[in-house]
Structure formats: C-alpha cells, structure tokens
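Peer 1: Pasting a structure below so you can have a look.
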Amino acid sequence: MIQVFTVLGARPQFIKSWALSRALTSCGIQEFVAHTGQHYDDDMSEVFFRELGLRPPDVHLNVRSASHAQMTARMLEGLEPAMRDRKPRAVIVYGDTNSTLAGALAAAKLGIPVVHVEAGLRSFNRSMPEEVNRVVTDHVSDLLCCPTAAAVANLAREGFDHDVTSTSEPDVRQLPSPWIANVGDVMLDVLRHFREVAASRSTMLDRLALSPRQYVVATLHRAENTADAEQLASLLEEIAALARSIRVVFPMHPRTRAVLDGADAYERFASQPGVTAIEPVSYLDLLHLNANARGIVTDSGGLQKEALFLGVPCLTVRDETEWAETVEAGGNRLVGRRPSNLAGALEHMTTGSSAFVDKFGAGDAAGRIAGLIRALVRA
Ligand code: UD1
C-alpha cells in the first residue's frame, strides 16, 4: 500500500486536509499525519478535528509559539526522524506557513518527493513570512498543485515547465518531476461540501442575535498588521468607526488578542458601540457567519476566496493579494493597511462575478491531487 506523510500545523491546513484525506482514502493511499503544534489552542486546532471528523494526528510535535527560526528548527528536528522511520513515498504540505516550510525542507533533505498543495501563489512581497515560505517550498517540491491558472503562470515564470494539468496519467519516467498542475482549490471542495451543513448546524446567528446582511465579519492576523501595536490600533479604530454604521463581528486570532492584551486595548476595542469581539470560531460557524454577512473585512487569504465563493463583498486591508482573481471578479477591494471610511467603501461594493469562481476549479481539486500523487509515486 502506498503511504504518504502529511504535515499539518495551522488552522487553515486542518480544514484543507479534510478534502484531500478523504480523496487519498478513496484512492487506497494510506496517510500518516504529523501535527507540528504551530496552532495549539483548542479553538485554533482541536475544534477542527472534532467538527470535521478528522482522524487524530499520528504524531504531535507540540512546537508552539517561538521565533520563526526556532519554530522552524524545532519542527525540522521533530519531522526528520518521523519521516525517516515511516519511509513515506511522498510528503504533503499545504499553503504557506512555517509548518509548510519545515515539512517541505525535512522531506527534500531526505530525498522524499514533496507535494505542495496551494502552490504557485505569490504576493511579490518578500517581507511577508508567508511569501518566503511559499517560494522556498515551491522550489523543493516535486508536485506543485496550483489552485488557479495564475498560480501555474507564476511558476512557469520561475522556470517550472512540466505542466501535467491536462495529462490524466502522467508518467514520471517520461516527464520527470517537478510537475505543475492546475487542479483547482481544495478550499472550494470543502466549502461546497459543508455550506449546507453549516446552515443547518450553526447556531451562531441566534447566539449573537444577528440578522442576515445586517453585520460585517472582520478578521486580522497577518504579521504586517499585528506585529506593530500602532498599526493594529489604527486598523481597529477604522473597524470601530465602521461598527457605528453596521454591526461588526470580530472573531479574534490569538496573535491579535495578545498584542491588544499587552497594551490593555482589548476591552477598549470590544466595548465600542457595534463591535462584537469573540473568540476564534469553528469552520462551520465561520462559514455560516460569512455566508450571511453584508461584507467581510480581512487580511486573511482564505476569507478573500470564501467571500467570492459565497457572493459576499470583501475589503482586504493589505496592499497586495496573492488572490488577484477575487479583485478582478469585482468582489474584493484592496483598501491598504491604512484605510479610511470602510463604511463608504463597503457601500460601493457589489458581490464578485460568480463566473470567476470557476477560476478556482470545479470543487474536485482533492480527487485530482490524489490521482497525481499516485502517478508520481507509481514508478
Ligand atoms: C499562521 C501562518 C499564516 C496563516 C495563519 C492561519 C506563518 C508564518 N503564518 O499565522 O500563513 O494564514 O497561521 O491562522 O506560519 N497563538 C496562540 N494560540 C494558537 C496559535 C497561535 O496563542 O493556537 C499565538 C501565539 O502567540 C503565536 C501567534 O499567535 O505567537 C502567532 O501564531 P503563528 O503561528 O506564528 O502565526 P499566525 O499569525 O497564526
């Protein structure tokens, strides 16, 4: 039986793994899962395993918070022996986190083929830790599973030219890796599967006394917006100003909360009129909240896409995005890291053109990735 080794560590990776783990099982591929422990609070980790019915990880490294170098080094030290013991045919990593980088590096150094899910994304801003993680991971990967054609084009510009998108059974002996393929976005697979489930199971709107389209969902967690207390304070001021015209629900990432608690600013923000600051919520609760929102204000990559998939306008508090399709669709606007008048900006937003959702595939990305993994390791 083919065995693969998956590295997970951060909230969006648990969610994405739901789709691929199922597809691997259907293909008869056995999966060994390592959790690095990058995210460790119950509401950042365990809740996703429980809610989505993910199999508990086979090994847990409990790395927790540290500097980037320390965190990555501890992960490398834990992952190398685990991979060496298991001798997997491939290692699967997701996205752009420190866990992604560590998994890819550990595997590449052991000569194990690396599969990167969500490959080819670029913000072209190397000061973002995620951009460094993406670039390095892509360049040590053997199978680069791109969510969009734009991601394939980014990789083609960096010299990757073995595109297997339209080859149903590529043969690694005839076409050596690294392979690139536009398989679509696994997040679309997950969202399509759980959208109705979220609507029937989540009690979030009732619990917070929210009416559909009468509130905005806001999230912030990127280092560029949270590392500097003054930057974060100015963004929160704008969000509080928005809350004076429409209620704002803010599930707060622990990174953001820690900065505010340190400056005694959390209570001040949370007590502003119209602001509902809450703990991080589960996938189904966030999906239900987002689906019924009037708009989304965020610096998250995942939420920009979910906004498009759900037909909800999005304002992105960044200067650039790796998901340019969401902006081209008309449903997402980059308002920068120092926005003003979010309420006015939101008023002028429409939902993104649904035709652009097709640029993220047909909701069958996971099955395509599993098929490519089988082809890659068959030889
Ligand atoms: C990480 C990823 C980012 C991804 C995000 C999803 C990197 C460099 N960044 O950012 O790409 O979009 O995850 O959420 O890998 N913390 C807790 N409890 C937890 C987890 C984190 O308190 O369960 C706190 C810690 O103080 C930690 C801080 O949050 O230092 C930031 O966590 P970290 O994993 O460094 O980065 P994220 O901001 O979550």
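FYI, it's all coordinate maths here, none of it is from the lab. No experiment lies behind these values; they were computed from the predicted model shown. Counting neighbours? That spans all protein chains shown, and the Cβs are built from the backbone with ideal geometry, glycine included.
Peer 1: Quick check on packing: order 129-137, 259-267 by the mean number of other C-beta atoms within 10 Å, highest mean leading. Show your work: numbers first, answer last.
Peer 2: Values: 129-137: 19.6, 259-267: 14.2.
The densest-packed peptide leads the list: 129-137, 259-267.
Peer 1: Could you order peptides 110-122, 331-343 by the average number of other Cβ atoms within 10 Å of their residues, highest first?
Peer 2: On the way: 110-122: 23.3, 331-343: 18.0.
Order by mean packing, descending: 110-122, 331-343.
Peer 1: Helix-only mean residue ellipticity at 222 nm, the chain, DSSP H runs n ≥ 4 weighted -39,500 (n - 2.57), per residue, nearest 500. What is it? All intermediate terms of the calculation are to be shown ahead of the outcome.
Peer 2: Details: 17 runs with 171 residues, N = 379.
Taking each H run of at least 4 residues, the total per residue is -13500 deg cm²/dmol.
Peer 1: Another one. Would you kindly calculate the translational diffusion coefficient of the chain, applying Stokes-Einstein with the Kirkwood radius from alpha carbon pairs, for 10 °C and a viscosity of 1.306 mPa s, and quote it in µm² s⁻¹ without decimals?
Peer 2: On the way: Rh = 21.0 Å.
D = 75 µm²/s.
Peer 1: Classify region 191-360 as rounded, prolate or oblate from the Cα gyration tensor: take a ≥ b ≥ c as the square roots of its eigenvalues, call it rounded if a/c is under 1.5, otherwise prolate when a/b beats b/c and oblate if not.
Peer 2: Working: a/c = 1.61, a/b = 1.23, b/c = 1.31.
Oblate is the answer for region 191-360, as a/c is 1.5 or above yet b/c matches or exceeds a/b.
Peer 1: Still on this structure: Checking the a/c ratio against 1.5 first, then a/b against b/c, what shape does the Cα gyration tensor give for region 125-193? Spell out each step's value before the answer.
Peer 2: Working: a/c = 2.10, a/b = 1.14, b/c = 1.84.
Verdict is oblate for region 125-193.
Peer 1: Long-range amide H contacts for VAL33: which residues qualify at under 5 Å (H placed 1.01 Å from N, peptide plane, sequence gap of 5 or more or a different chain)?
Peer 2: Result for VAL33 returns THR6, ASP58, VAL59.
Peer 1: What relative contact order, as a whole-number percentage, does the chain give when Cα pairs under 8 Å and 6 or more residues apart are counted? Could the numbers behind the result be given before it?
Peer 2: On the way: 752 pairs, mean separation 60.6, N = 379.
Reported as a whole number, the value is 16 percent.
Peer 1: Between THR167 and PHE124, what's the calculated FRET efficiency when r is the beta-carbon distance and R0 is 25 Å? Round to 0.05. If you can, show how the numbers build up before the last one.
Peer 2: Working: r = 29 Å, r/R0 = 1.18.
Working from the Cβ atoms, E equals 0.30.
Peer 1: With each pseudo-label sitting 7 Å past Cα toward Cβ, what's the GLN272-HIS139 distance in nm, one decimal?
Peer 2: Going by the 7 Å Cα→Cβ label model, 4.1 nm.
Peer 1: What are the residues whose amide H is under 5 Å from the amide H of HIS221, where those residues sit 5 or more places off or on another chain and H is modelled from the backbone?
Peer 2: ASP299
Peer 1: Shifting gears a bit: Work out how much length ARG84 to VAL59 would gain on full extension: take 0.36 nm times their residue separation and subtract the Cα-Cα distance, in nm to one decimal. Show your work: numbers first, answer last.
Peer 2: Numbers: separation 25, 0.36 × 25 = 9.00 nm, distance 1.34 nm.
Contour length minus Cα-Cα distance gives 7.7 nm.
Peer 1: Taking amide H positions as placed in the peptide plane 1.01 Å from N, state which residues far from ARG64 in sequence (5 or more) or on other chains have amide H under 5 Å from it.
Peer 2: GLN38
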